[in-house]
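The next block holds one structure in the form of structure tokens; read it before the comments.
The values are calculated or read from the model by the stated rules, or taken from the named source; none is laboratory data. Being a predicted model, the structure only gives us computed values, none of them experimental. Cβ sites come from the backbone with ideal geometry, for glycine too, and all protein chains shown count toward neighbours.
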């Protein structure tokens, strides 16, 4: 099962976040870079990260580079203390590719 790191930084997804839907159908998992939420990578990436959070696509939060605590939202700090984690609890009614994995073929890009 592929893990896509920082989809909010991918230009095609920034331009049209509906393009992530095919990856969701392929049971890809997604990792958020919390620096994206703070605008460290620019306003476009920040806007894309917030839109993808609203779409409920992320399962993980990971740091691509060292970011000081004061730049990270309190909620992300609390979650990151658990290292690697799933944002969606069992029974939440949202997509859970770890539980419902299906073998898929092909890629969209």
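For (1) at pLDDT below 90; (2) at positive phi; (3) in a loop (DSSP other than H, G, I, E, B), each residue gets a yes or a no:
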| residue | (1), (2), (3) |
| --- | --- |
| 4 | no, no, no |
| 35 | yes, no, no |
| 49 | no, no, no |
| 52 | no, no, no |
| 64 | yes, no, yes |
| 67 | yes, no, yes |
| 70 | yes, no, no |
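Residue by residue through region 21-66, note down the ones that are surrounded by 18 or more Cβ atoms within 10 Å (Cβ to Cβ), touching a strand residue (DSSP E or B) at 6+ places or on another chain (Cβ under 8 Å) and over 15 Å from residue 1 (Cα atoms).
Result: 32, 33, 34, 49, 52, 61.
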